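The structure appears right after this line, and notes come after that.
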Amino acid sequence: MKFQRSLLALAATSALLLIAAEQARADDKIESLGTVEVSGQSRVQQLQNVPIAMQVLGADSLKKIGATSLGDLDGFIPGLQIDASQPTQPNYTMRGLGAGDFGIGSDSPVGLYVNGVYTGKTGGALMNFNDVKRIEVLSGPQGTLFGRNAAAGAISIIQNDPGSEFEANGLVRFGNQGTRHYEALVNVPLNDSTALRISSVGQYRDGWVTNTFDGSKAGGEHTWGTRAALRWSGDDTSAVLTWEHEQLNQKARPAWAVNPAGSNPYDTSQWVSPKDLPLANDADPNTEGRRFNGVTLRVEHSLPFGEFTSTTAYRHFNARNLEDNDGTANISSYLSTGNIEANTTWQQEFKLSGHNKLVNWVAGASAYRETADQDSNLVTTTNALDGVLAPAFAQLAGLSAPPFATLTGAAQQIGAATGLSELANANLLNGQRWQEDMLNHGRNSAYAIYGDAIWHLSDKDNITTGVRFTRDEKSFSWYSPLRKAPVLDAQLSGLVQNFQTVAVFPGLPPEVSGSLPSLIQLSQVLAGLSPDFNNIEFNNAQSMAGKVSSKNSWTNTSPRFVFDHHLTPDHMLFASWTKGYQAGGFGWSLPQSSYQPEYVTSMEFGAKGQFKEAGVYYNATVFHYKFSNLQLLTFVPASSSQIASTYDISTSDQKATGLDLGLQWRVNSTWRVNGSLEYIDQTYGDYSKQETDPNTGNTVAVNLSGAPVGTPALMASIGVDANWRLADGQAAFSLLYGYKSATRCNADSAYSYSCLNTPRIHIGAAQSRVDMHLGWTAPSAKWGVGLIVNNLFNQRYAGGVSTTAAQLGQMYGGVTPPRATMVELSAKL
């Protein structure tokens with residue numbers, strides 16, 4: 001109903017604006033849509049001639065909504081969901097397929113490419129837009145054209161090359177939440193054959209919520225980047241050398257404890273929406289950052305029979321994400337986690353392409369190498385650990401009370417009796433830190449050869465055949481060193497020495513002298529001096545004893561077959577059958593855990609075309625796929641003696657049937673309307689999983705065979721754009737509405753908290769968002785002003801509830817940001 005009312009209101013507003021425009025410009029001639037060039041098939045083609053379900057966004061579209069990264073497009077590209085709440089750990093989902101895992105041992109089925117270079121899913125997969133020409137979003141398996149790890153689809157970002165004309169422009173935005181944004185670009189022809197293009201972007205935002213713990217702002221951004229490209233052109237050869245640099249340094253995402261302190265964390269009836277709570281995060285440090293550098297060399301050479309292209313790319317980044325994981329400033333539930341990553345990749349691709357009356361062909365070979373190191377750590381305090389450790393020490397040392405409280409109380413009592421101030425003042429419950437780490441190292445290589453040919457059977461019919469042969473080789477290691485607790489260990493060592501000193505005191509009461517041996521043993525055990533007690537979280541015996549390694553390799557053949565028929569030069573029908581592949585991998589938290597490759601088989605039937613006189617472009621695609629062995633990130637509830645829930649990867653078979661629709665209508669020279677939607681019915685195959693019932697603690701089997709996966713059934717967007725003359729200049733207006741239906745619940749939703757509806761919190765509800773842009777460009781076209789409003793109606797939604805700190809008595813979650821308003825100034829020479 002909310003969707004219908006919102007859609008009705010938007011439609012009514014749009015209709016009134018359209019009527020007004022028609023009355024004002026009744027004599028205007030309706031213009032046809034321009035053609036859009038894309039390269040999604042490794043060739044430059046017209047969008048309406050590409051038999052693939054794809055959406056294209058140009059630089060103007062990104063500017064209108066103030067998008068600075070892919071994260072700002074979430075909700076506006078039906079079928080594509082982007083979680084950018086952690087820019088160093090983004091998550092992409094297309095047609096319901098995604099991984100969500102941040103470990104370096106596994107991959108995502110959604111491939112991200114920048115100028116044809118694979119960017120992966122790790123800390124460098126979400127960068128600020130810098131001199132972007134267009135973004136192509138291709139749905140469905142793209143393995144033949146884009147390679148492995150594009151089994152669900154591909155996102156291709158194309159940036160501008162240096163041009164032969166001088167160009168210089170800049171843009172600044174200022175807004176609420178302390179927003180400052182800038183863009184600057186200069187393109188300089190150095191001579192007839194050489195040109196240099198330099199651009200820079202910066203995005204700064206103080207934040208939209210105050211952290212009551214220290215008074216700082218959270219939810220902000222602090223990132224900047226620069227790009228320099230040098231192009232040389234000869235008679236038959238051209239080359240573009242590009243260098244990119246970006247730095248990000250900001251607070252980690254905010255987290256709210258959704259259950260009241262002291263309550264049962266699993267009692268959802270007591271949960272409160274983060275929208276209604278103050279923020280209190282005490283993680284130290286609380287930071288997310290990245291330093292990125294990349295160099296790309298693309299060489300193109302014309303041959304008598306076609307075009308040769310060589311692309312060589314180097315990427316390196318260091319990333320960190322250290323965040324609060326209990327959502328409180330309570331030292332007794334203190335929990336923070338960290339992900340620290342160093343990643344280096346090298347890629348080389350050679351490609352030949354050509355065409356004649358019979359065939360338009362592409363062939364190539366590629367090599368990819370990656371070296372990655374990851375430190376996944378957990379930090380807590382002795383205050384938080386005491387309750388967690390009590391059950392374990394009840395068995396280990398015969399204690400019936402928390403160990404740190406026991407030692408503190410005993411030391412103070414003995415110190416008072418003996419006069420030793422070191423014991424009388426002992427306190428192990430003043431927030432000493434305890435850190436555990438899982439250190440991973442990965443080396444990955446991938447090699448491929450591929451070919452793709454469009455055979456022209458007639459003026460109206462084409463058949464496309466393609467195939468890619470891939471070999472992946474991966475090695476991976478795990479190591480969990482002894483936990484780090486230097487302050488605690490120093491105090492425990494002091495207790496051992498003092499207890500040993502007291503043991504020789506004459507005249508000690510029997511109850512004191514009798515307890516000293518067990519107190520000394522307990523201190524030594526807690527200090528890690530006993531094999532019975534070392535790590536709590538990362539306590540695998542193999543990985544603690546030393547580095548554990550594993551390696552594997554896989555080969556794959558990914559074919560595609562497409563038939564397209566042109567009813568007329570402007571209308572096309574197509575059918576396709578494709579297979580996709582994602583390399584296998586390793587789980588970061590459990591030594592020697594490995595995962596087999598993922599496979600998808602997809603069929604599509606579509607139509608696209610345009611009615612030029614009416615200014616209408618349309619596309620429609622019906623699809624069906626089967627996905628085998630999909631890797632999904634899942635929580636593993638903490639055992640009674642663990643600090644926090646951990647991550648693991650489960651695998652399932654899934655299938656889906658759906659429909660993609662798109663429409664663009666240039667009503668007249670002023671108004672343009674566009675809309676798109678995706679409907680999808682995604683379900684599990686034969687699949688069951690083990691869950692821990694939080695109420696009883698028992699392990700239960702959850703049968704999800706045939707159940708909905710959870711992907712919203714409907715995603716849609718509607719946009720209205722207008723351009724008209726005003727005060728001798730050019731005015732522009734745009735309104736963009738995005739909608740996502742509610743999460744589809746299943747038998748596992750109660751355990752994953754993806755569906756929840758109580759009087760005080762609703763998770764998995766339908767979501768909508770409206771962005772608006774209003775601008776004016778001066779008659780000289782040299783400068784302009786604008787107003788951008790993101791989330792115009794201030795719609796906010798709770799979600800992302802995590803059980804990580806449940807063992808410490810807390811559940812935490814997040815909430816989407818509020819409305820953001822910005823004023824824009826632009827100028828060019």
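The values are calculated or read from the model by the stated rules, or taken from the named source; none is laboratory data. Everything quoted here is computed from the prediction, not taken from an experiment. Cβ placement follows ideal geometry from the backbone for every residue including glycine, while neighbour counts extend to all protein chains displayed. Quick note on the areas: whole protein, heavy atoms, side chains included, nothing else; ligands and nucleic acids left out. Shrake-Rupley method; radii C 1.70, N 1.55, O 1.52, S 1.80 Å.
In the range 243-276, the qualifying residues are those that are in contact with a strand residue (DSSP E or B) (Cβ under 7 Å, 6 or more places away or on another chain), touching a residue at least 40 places away in the same chain (Cβ under 8 Å) and over 20 Å from TYR797 (Cα atoms), and the one that is most open to solvent (accessible area, probe 1.4 Å) is TRP243.
All told, PRO569 falls short of being modelled with pLDDT under 95 and surrounded by 15 or more Cβ atoms within 10 Å (Cβ to Cβ).
Candidates in the range 491-514 are the residues that are surrounded by fewer than 18 Cβ atoms within 10 Å (Cβ to Cβ) and of a type in the set (S, T, N, Q); of these, the one that is nearest to the chain's Cα centre (by Cα) is SER493. Summed over the range 202-226, the residues that are part of a strand (DSSP E or B), among the hydroxyl-bearing types (Ser, Thr, Tyr) and within 28 Å of ASN330 (Cβ to Cβ) give a count of 1.
A quick yes/no check of all residues on (1) hydrophobic (A, V, I, L, M, F, W, C); (2) open to solvent by less than 20 Å² (accessible area, probe 1.4 Å):
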| residue | (1), (2) |
| --- | --- |
| LYS689 | no, no |
| VAL709 | yes, no |
| SER717 | no, yes |
| GLN730 | no, no |
| SER734 | no, yes |
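Limited to the range 517-529, what total is found for residues that are assigned to a helix (DSSP H, G or I) and either among the β-branched types (Val, Ile, Thr) or crowded, with 18+ Cβ neighbours inside 10 Å (or both)? Even if it seems obvious, please write down each step before you answer.
As a first pass, look at the range 517-529 and keep what is assigned to a helix (DSSP H, G or I): 517-526.
Adding the requirement that they be either among the β-branched types (Val, Ile, Thr) or crowded, with 18+ Cβ neighbours inside 10 Å (or both) leaves 519-520, 522-523, 525-526.
Count: 6.
On the stretch given as the range 307-330, residues that are assigned to a strand (DSSP E or B), open to solvent by less than 50 Å² (accessible area, probe 1.4 Å) and polar (S, T, N, Q) total 5. Just checking, does the range 801-813 include any residue being open to solvent by less than 60 Å² (accessible area, probe 1.4 Å) and within 30 Å of SER734 (Cα to Cα)? Scanning the range 801-813, I find no residue that is open to solvent by less than 60 Å² (accessible area, probe 1.4 Å) and within 30 Å of SER734 (Cα to Cα), so the answer is no.
Rundown of residues vs (1) among the aliphatic types (A, V, I, L, M); (2) modelled with pLDDT of 95 or more, yes/no style:
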position: PHE174; (1), (2): no, yes
position: THR194; (1), (2): no, yes
position: ILE198; (1), (2): yes, yes
position: GLN203; (1), (2): no, yes
position: GLY207; (1), (2): no, yes
position: SER216; (1), (2): no, yes
position: LYS251; (1), (2): no, yes
position: PRO254; (1), (2): no, yes
position: SER263; (1), (2): no, no
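Is it true that ASP282 is acidic (Asp, Glu) and closer than 24 Å to THR337 by Cα? Criteria met by ASP282. Among residues of the range 36-50 that are more than 20 Å from GLY306 (Cβ to Cβ) and assigned to a helix (DSSP H, G or I), those with a beta-carbon under 9 Å from a residue that is among the charged types (D, E, K, R) and open to solvent by 30 Å² or more (accessible area, probe 1.4 Å) at least six positions away or on a different chain give the pairs LEU47/GLU37; GLN48/ASP570. Scanning the range 20-45 for residues that are modelled with pLDDT of 70 or more and open to solvent by 50 Å² or more (accessible area, probe 1.4 Å), we see that the one that is nearest to ASN668 (Cα to Cα) is GLU37.
Yes/no per residue for (1) in contact with a helix residue (DSSP H, G or I) (Cβ under 6 Å, 6 or more places away or on another chain); (2) within 26 Å of GLY809 (Cα to Cα); (3) not polar (S, T, N, Q):
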{"residue": "THR210", "(1), (2), (3)": "no, yes, no"}
{"residue": "THR226", "(1), (2), (3)": "no, no, no"}
{"residue": "TRP232", "(1), (2), (3)": "no, no, yes"}
{"residue": "LEU248", "(1), (2), (3)": "no, no, yes"}
{"residue": "ARG253", "(1), (2), (3)": "no, yes, yes"}
{"residue": "ASN259", "(1), (2), (3)": "yes, yes, no"}
{"residue": "TYR266", "(1), (2), (3)": "no, yes, yes"}
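May I ask you to verify whether ARG433 is within 27 Å of ALA490 (Cβ to Cβ), of a type in the set (Lys, Arg) and in contact (Cβ under 8 Å) with a residue 12 or more places away in the chain? Yes: the conditions hold for ARG433.
Just for the range 74-108: of the residues that are aromatic (Phe, Trp, Tyr) and assigned to a loop (DSSP other than H, G, I, E, B), which one is modelled with the highest pLDDT? Step through it out loud before you land on a result.
From the range 74-108, those aromatic (Phe, Trp, Tyr) are 76, 92, 102; that's our starting set.
Going one step further and asking which of them are assigned to a loop (DSSP other than H, G, I, E, B), we end up with 76, 102.
Details: PHE76: 91, PHE102: 74.
Out of the qualifying residues, it is PHE76.
When you go through LEU138, LEU145, LEU112 one by one, which is the residue that is part of a strand (DSSP E or B), crowded, with 23+ Cβ neighbours inside 10 Å and in contact (Cβ under 8 Å) with a residue 60 or more places away in the chain? Quick ask: steps written out before the conclusion?
On the way: LEU145 fails: part of a strand (DSSP E or B); LEU112 fails: in contact (Cβ under 8 Å) with a residue 60 or more places away in the chain.
Testing whether each residue is part of a strand (DSSP E or B), crowded, with 23+ Cβ neighbours inside 10 Å and in contact (Cβ under 8 Å) with a residue 60 or more places away in the chain leaves just LEU138.
Tell me, which strands (runs of 3 or more DSSP E) lie completely within the range 679-795 with 2 or more residues that are among the hydrophobic types (A, V, I, L, M, F, W, C)?
Details: elements: 688-692, 699-703, 714-726, 729-740, 767-777, 783-790.
Counting at least 2 such residues, we get 699-703, 714-726, 729-740, 767-777, 783-790.
The residue that is modelled with the lowest pLDDT, counting only those in the range 478-490 that are part of a strand (DSSP E or B) and open to solvent by 10 Å² or more (accessible area, probe 1.4 Å), is LYS484. In the range 808-824, the qualifying residues are those that are in contact with a Leu (Cβ under 8 Å, 6 or more places away or on another chain) and assigned to a strand (DSSP E or B), and the one that is nearest to GLY784 (Cα to Cα) is GLU824.
Just name the residue that is farthest from ASN377 (Cα to Cα) out of those in the range 407-449 that are part of a strand (DSSP E or B) and open to solvent by 30 Å² or more (accessible area, probe 1.4 Å). Lay out the reasoning, then the answer.
We begin by selecting, within the range 407-449, every residue part of a strand (DSSP E or B); these are 433-449.
Among the residues that remain, those that are also open to solvent by 30 Å² or more (accessible area, probe 1.4 Å) are: 433, 435, 439, 441, 443, 447, 449.
Working: ARG433: 13, GLN435: 7, LEU439: 8, HIS441: 14, ARG443: 21, TYR447: 33, ILE449: 39 Å.
My answer is ILE449.
Among the conditions (1) crowded, with 24+ Cβ neighbours inside 10 Å; (2) of a type outside the set (A, V, I, L, M); (3) closer than 23 Å to ALA228 by Cβ; (4) modelled with pLDDT of 85 or more, the only one that ASP131 does not satisfy is (1). In the range 227-239, the count of residues that are open to solvent by 50 Å² or more (accessible area, probe 1.4 Å), under 26 Å from GLY289 (Cβ atoms), in contact (Cβ under 8 Å) with a residue 12 or more places away in the chain and outside any loop (DSSP other than H, G, I, E, B) is zero.
For beta carbons closer than 7 Å, sequence separation of 6+ or different chains, a first residue in the range 350-366 that is basic (Lys, Arg) and a second that is open to solvent by 50 Å² or more (accessible area, probe 1.4 Å), the qualifying pairs are LYS357/HIS456.
Of the residues making up the range 545-566, just one is open to solvent by less than 30 Å² (accessible area, probe 1.4 Å) and not in a strand (DSSP E or B), namely GLY546.
Based on what the data block shows, is PRO304 at pLDDT below 95 and surrounded by 15 or more Cβ atoms within 10 Å (Cβ to Cβ)? Answer is no for this residue.
Which of the residues spanning the range 572-605 are more than 20 Å from LEU97 (Cα to Cα) and surrounded by 21 or more Cβ atoms within 10 Å (Cβ to Cβ)? Listed by number, the residues that qualify are MET572, PHE574, TRP588, SER589, PRO591.
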